[in-house]
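Take a look at the structure set out below.
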Amino acid sequence: MTPSVPLVYWFRSDLRLRDNPAWVQACALNQQLLAVVFEPHIASTEQRWGCLQPGAHRLAWWHANVRALQLELAQHGVTLLVLRGKAVEVLQTVANKVGAVAIHCEEIAAPYERAEVQALQHAGFEVHPHWGSTLFEEQQLPFAVDELPAVFSQFRNLVERARTPVPVPVPLAAPQHVHGFSIASETAASFAPWAARPPAEQLCMDARSAFIWGGETGSAVRAGNAGAHAYLDAYFSSDRVAQYKATRNGLIGMAYSSKWSPWLAVGAVSAREIWEALRTYEQRQGANDGSYWLWFELLWREYFRWLHKQYGDALYRRRGLSEIARPVVATKHQRTFAHWTQGRTGCELVDAGMRELAESGYSSNRMRQILASYWIYDLSGDWRAGAAWFEANLLDYDVYSNQGNWLYIAGLGTDPRGGRRFNVAKQTADHDADGQYRNLWSASP
């Protein structure tokens, strides 16, 4: 009797079963499934900056979401192997053990992630990437992707004028009939060299953090799709939606912003699931400035994804989409970079922000803009080094938004103003006049 050969589903930035188009399509093939996921790593193209591996906070949050996914998959009889290393090398070892040749996965339109898929294809695997991280399907956009509007405001206006629909049904239900591949325990154990190391749970418990998760207290939030929905239920039952536009530039605590990004970044929840919750809120409570501004932020996330579809590798060049590169003080770069990353620039607000990032894995949107601006304009740093540092340390790192926002601040993307330089003195007066934030993240907590 010929042994069964499984289809491999490779979870990437889509750690959920609900509203996951790639997972739904793989399950629809009615084959036995073996699921795999790779521990986060820093893209090789960025290792030149010395950011060799993800920070502890990013890894801890990722591990927590993977464990939640493992438990959910186990209920369907599906094994999730947690792996470490280069995808092509490790998946060849998996294939040798179980005979798999076909791989389904999320499509990610970034250079390193595309190269991973190409390497697998060159190695003889049959790889099926599925696009599924956006609100809209490509054919629903009121323009071709290669004609994406040059600036975000034009994109937003066209989408809103066309009343571009979010696909229905929203969201896609998680498949209930899944055929898990029965993998022997000794076979699973043979991947021990690549098995994920246990996370340091205590990292998430810094009381100063603006995103506290995973603790035993009732106020802490949880990882995974169920944790995301519990958080969304609480969020949309509060008055935080109506207040969002006024509070979104805050620096301290859970309440000033939506805090959706940690789940969105690992794909534990989809943008469409959030859109559905937002729509339900507006039907129940009525639309307001806060609810519209949350939609506005979802559109920014959307724009950066289609921007990658349009420009790809060009977004990773030193000059970005510009014809010329911004000058960099190369001789001082390494020392200056160390001072910036360690919060030792001498600028109190920036140093507090860099310490918050290092010690909690989180930073507000306003502070990220300030930190990026200071690195690029005040320290004459290479924007790619700053982007790599954020990639390593942000627990809510998202390849599209991180790259898009750094290009935006540097004036090397699609911003018509040619860059966003923030006056730190003004930002301090506007957002930390009483010094509360700087004191909170002082060098001696």
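Read-outs throughout are calculated quantities, based only on the coordinates presented, and are distinct from any laboratory measurement. All values derive from a computational prediction rather than experimental measurement. Here Cβ is always computed from backbone atoms with ideal geometry, including for glycine, and neighbour counts include all displayed protein chains.
Structure summary
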quantity	calculated
Kirkwood-type radius of the range 100-175, with distances r between different C-alpha atoms, in Å	14.9
Rg to Rh quotient for the range 42-114, alpha carbon positions, Kirkwood Rh	1.00
Within a Gaussian network of the chain (alpha carbon springs, distance under 10 Å), most fluctuating of M354, M254, M367	M254
Principal axis dimensions, largest first and in whole angstrom, of the chain by Cα	74, 54, 49
Pairs of alpha carbons in the range 1-132 whose separation is greater than 27 Å (percent)	17
Computed over the range 319-440, Kirkwood Rh from alpha-carbon pairs, angstrom	14.6
Neighbour-count ranking [beta-carbon atoms within 10 angstrom, fewest first] of S133, S442, S373	S442, S373, S133
Those lysines that a straight Cα-Cα span of less than 27 Å connects to K97, excepting residues fewer than 8 apart in one chain	K86
